[in-house]
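The structure appears below as structure tokens.
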Amino acid sequence: MYPEIMVIPMREELTRLGIEELCTAADVDRVLQNQPGTTMVVVNSICGCAAGRMRPAVRMALQNAIRPDKTVTVFAGQDKEATERARSYFTGYPPSSPSIAILRDGKLVYMMQRSQIETRVAPAIATDLKAAFDQHCATTSAR
């Protein structure tokens, strides 16, 4: 784990966008367990691909007209319990950070892993996220 003072700006880069930070397993379950609608879960990380690619891509994607009903984040390597619990909802995928998941009614419908982030530029990642929002979030955002 890194000293919290180093991590604060990385956390705030997402929370300033209105993304709720989940720090415990109970927080994760409260938001993801049997919840109606769509939720984007951003698994944040201290790595360079999170800083230069993933977080900027999330910021760009959230400019889309269609967005998830809820947006939340956990921080890998910092909030271990919350991250492990969030990953338990990503059935069929190994742990990956950074990563981005979309759940509909508590079930995983979209997953972007580190391998889809680390070699691409933020605008390309954002384009994929916007397409995922359009596909998976359109009906719930219109409620």
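Taken as a whole, the condition of being touching a residue at least 24 places away in the same chain (Cβ under 8 Å), more than 13 Å from the chain's Cα centre (by Cα), within 26 Å of residue 122 (Cα to Cα) and buried (at least 18 other Cβ atoms within 10 Å of the Cβ) applies to residue 10. Taking the conditions exactly as written (surrounded by 14 or more Cβ atoms within 10 Å (Cβ to Cβ), under 12 Å from the mean Cα position of the chain (by Cα), under 20 Å from residue 139 (Cβ atoms) and in contact (Cβ under 8 Å) with a residue 24 or more places away in the chain), does residue 109 satisfy them or not? When the stated conditions are applied, residue 109 does not pass them.
Among residues of region 41-58 that are in contact (Cβ under 8 Å) with a residue 60 or more places away in the chain, those with a beta-carbon under 6 Å from a residue that is of a type outside the set (Val, Ile, Thr) and part of a helix (DSSP H, G or I) at least six positions away or on a different chain give the pairs 41/86; 53/122; 56/122; 57/122; 57/126. Looking across 26, 76, one residue alone is hydrophobic (A, V, I, L, M, F, W, C) and closer than 19 Å to residue 110 by Cβ. It is 76. Taking the conditions exactly as written (surrounded by 15 or more Cβ atoms within 10 Å (Cβ to Cβ), touching a strand residue (DSSP E or B) at 6+ places or on another chain (Cβ under 6 Å) and under 22 Å from residue 11 (Cβ atoms)), does residue 51 satisfy them or not? It is false that residue 51 is surrounded by 15 or more Cβ atoms within 10 Å (Cβ to Cβ), touching a strand residue (DSSP E or B) at 6+ places or on another chain (Cβ under 6 Å) and under 22 Å from residue 11 (Cβ atoms).
Of the residues that sit in region 53-82 and are of a type in the set (A, V, I, L, M) and not in a loop (DSSP other than H, G, I, E, B), which one is farthest from residue 137 (Cα to Cα)? Looking at residues that are of a type in the set (A, V, I, L, M) and not in a loop (DSSP other than H, G, I, E, B), I get 82. The single condition among (1) out of contact with any strand residue (DSSP E or B) (no Cβ under 8 Å at 6 or more places or on another chain); (2) in a helix (DSSP H, G or I); (3) closer than 26 Å to residue 135 by Cα that residue 5 does not satisfy is (3). Of the residues making up region 60-89, just one is under 15 Å from residue 28 (Cα atoms), among the hydrophobic types (A, V, I, L, M, F, W, C) and free of Cβ contacts under 8 Å to residues at least 40 places away in the same chain, namely 76. Which residues, counting only those in region 17-63, are small (Gly, Ala, Ser) and more than 13 Å from residue 82 (Cβ to Cβ)? 18, 37, 45, 48, 50, 51, 52, 57, 61 - these are the residues of region 17-63 that are small (Gly, Ala, Ser) and more than 13 Å from residue 82 (Cβ to Cβ).
Applying the criterion of being over 12 Å from the mean Cα position of the chain (by Cα), among the hydrophobic types (A, V, I, L, M, F, W, C) and not in a helix (DSSP H, G or I) to the residues of region 18-52, the residue that is farthest from residue 99 (Cα to Cα) is 23.
Only the coordinates and a few stated rules stand behind these numbers; no lab work does. Since the model is a prediction, treat every value here as computed from it, not as a measurement. When we count neighbours, we look across all protein chains shown, and the Cβ atoms used for this are built from the backbone with ideal geometry, even at glycine.
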